[in-house]
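Single-structure report; data block below.
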Amino acid sequence: MNDRIEENKLVRILGIETSCDETAAAVLENGATVLSNIVASQANLHARFGGVFPEVASREHIKTIYTVIEDALNNAHLSIDEIDAIAVTRGPGLAGSLVVGMNMAKGLSLASGVPLVGVNHLEGHLYSAWVPLDDPEFKAPQFPAIALIVSGGHTSLVLMEDHLTYKQLGRTLDDAAGEAFDKVARLLELPYPGGPSIQKAAESGNIHAFDFPRAWLDDSWNFSFSGLKTAVLRKLQELHADGRPLRIENVAASFQEAVVDVLFNKTMQAARQHNAGDIIVAGGVSANRALRKAFQEQKEFRVHIPPLRLCTDNAVMIAAAGHYRYINGFKDDLDMDVLPNWRLISMQ
Ligand code: KG4
Ligand code: ZN
């Protein structure tokens, strides 16, 4: 731990997140107590495009960022001078969106002298598993842990042997899991974002209605979801050509089952092979009820899945990762730039 940080001193981190279509700011105390959590979602704006429209996203971030940060500080009853570090998402994400949060963070840091800590967005998703929120039974993950990060832009299996230490075991070779949900939702003419729409439709569907393919890619920890998406498209075309009635609930349920099957079983296998006692599931798709249920019902590993409001993009997770970076002595300079394609790399 950083010896410049006095023992027993409260560490308060202001987190700022603008990597995609959520403008978010939060204040986190000692990596555990959420003093404020503001998320301004642009989902409604992007819904008519069926996905995130980058120019619209950055313009919207510019409009809302100031008030979002102001609200986060006000709700925490703190001024910027009472903050120990400003944690900001540096990447990966949309360049034009990342820049808005980064410039705001730099401006605040320059004016107040509060240090900056750049955070990897995926690391943020991982650290959402360290935030108790209001769970009295909460236990922090223990190492070694296998982490499945499943979001709109990423699908990765990561081995964490310590804080800030990541070994990427595998990733998607094509579509991210969330992207597959979004694309299949579009095929089914369900609204954006696709994940929650498919989950809802799947509730009244039959998971055995269609036997969609699973890409196991057995000799690696990688994933692939584009074949599944194409199989759904073909099935829809076939049903249409035959003039057969289509129950989209059945397609949604069978598709969701195929995704959950692969994500769950590969993660379990990775945990076994790496002698991990704990599994972390994080990122937007970890909000999925069927995926959560699969992990929660097994008894082989302790499983950590963040509460729903920390699954999709938020700034509490950025503040949490920023907290661990800060107490371990990591700080960034004002010349830090955004890294839209930044990979998850170990800090230790
Ligand atoms: O982590 P996130 O908010 O943003 C990125 O970093 O990409 O993830 C957004 C993704 C979207 O693709 C969305 O469809 C998916 O998470 N998602 C879900 C659910 N809620 C959000 N996917 C499946 N089931 C859900 N309930
Ligand atoms: Zn995310």
Scattering curve values for the range 145-244, log₁₀ I(q)/I(0), Debye with Cα scatterers, q = 0.16, 0.18, 0.20 Å⁻¹: -0.78, -0.93, -1.07
Any idea what the dipole of the range 84-163 comes to, in debye rounded to 20, about its Cα centre with Lys/Arg Cβ at +1 and Asp/Glu Cβ at -1? 380 debye
Per-residue Cβ neighbour rank within 10 angstrom, fewest leading, Phe330, Phe181, Phe143: Phe143, Phe330, Phe181
With an 8 Å cut-off on Cα pairs and a minimum separation of 6 or more residues, tell me the relative contact order of the range 120-212 in percent. 15 percent
Can you pick out the pairs among Lys266/Lys331; Lys229/Lys299; Lys63/Lys331; Lys167/Lys229; Lys229/Lys266 whose Cα atoms lie more than 26 Å from each other? Lys266/Lys331; Lys229/Lys299; Lys63/Lys331; Lys167/Lys229
Just grab the label-to-label distance for Leu45 and Asp333, each label 7 Å out from Cα along the Cβ direction, in nm (one decimal). 3.4 nm
Per the Kirkwood definition applied to all pairs of different Cα atoms, how many angstroms is the hydrodynamic radius of the range 50-151? 15.8 Å
Using the crude model of +1 on Lys and Arg Cβ and -1 on Asp and Glu Cβ, and no other charge, please compute the dipole size for the chain relative to its Cα centre, in debye to 20. 760 debye
Report the full-extension gain for the segment Leu133 to Asp71: residue separation times 0.36 nm, less the Cα-Cα distance, to one decimal in nm. 20.4 nm
Compute the distribution of all C-alpha to C-alpha distances in the chain, in bins of 10 Å from 0, and list the percent of pairs in each, rounded to whole numbers. 6, 26, 33, 23, 10, 2, 0, 0
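How high is the relative contact order of the range 280-345, in percent, counting Cα pairs under 8 Å that sit 6 or more residues apart?
Normalised by residue count, the contact order of the range 280-345 is 32 percent.
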Using 0.36 nm per residue of separation minus the Cα-Cα distance, give me the extension gain between Lys299 and Leu233 in nm, one decimal. 20.2 nm
Which of Tyr66, Tyr326, Tyr127 has the fewest other C-beta atoms within 10 Å, and how do the rest follow up to the most? Tyr66, Tyr326, Tyr127
When the helix-only estimate is applied to the chain (DSSP H runs of n ≥ 4, each -39,500 (n - 2.57), divided by the residue count), what is the mean residue ellipticity at 222 nm, nearest 500 deg cm²/dmol? -12500 deg cm²/dmol
Can you list residues whose amide H is under 5 Å from Ser36's amide H, if they're 5+ apart or on another chain and H is modeled 1.01 Å from N? Val27
Quick one: compute the contact order of the chain, relative version, from alpha carbon pairs under 8 angstrom and 6+ residues apart, as a percent. 26 percent
Rounded to the nearest 0.05, FRET efficiency between Ala241 and Asn341 (Cβ-Cβ, R0 35 Å) equals 0.30
Looking at the chain, send over the antiparallel percent of its DSSP beta bridges, to the nearest 5. 60 percent
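Quick check for me: using +1 on Lys/Arg Cβ and -1 on Asp/Glu Cβ, what's the dipole size of the range 85-231 about its Cα centre, in debye to the nearest 20?
Dipole size: approximately 440 debye.
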Proxy reagent accessibility, fewest Cβ within 10 Å first, across Leu339, Leu28: Leu339, Leu28
Computed on Cα atoms, Rg of the range 170-316 relative to 2.2 N^0.38 Å comes out at 1.06
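A short reminder: the numbers here are calculations on the coordinates, not readings from a lab. On a predicted model such as this, the values are computed, not experimentally measured, just so you know. Cβ: placed from backbone, ideal geometry, glycine included. Neighbour counts: every protein chain shown.
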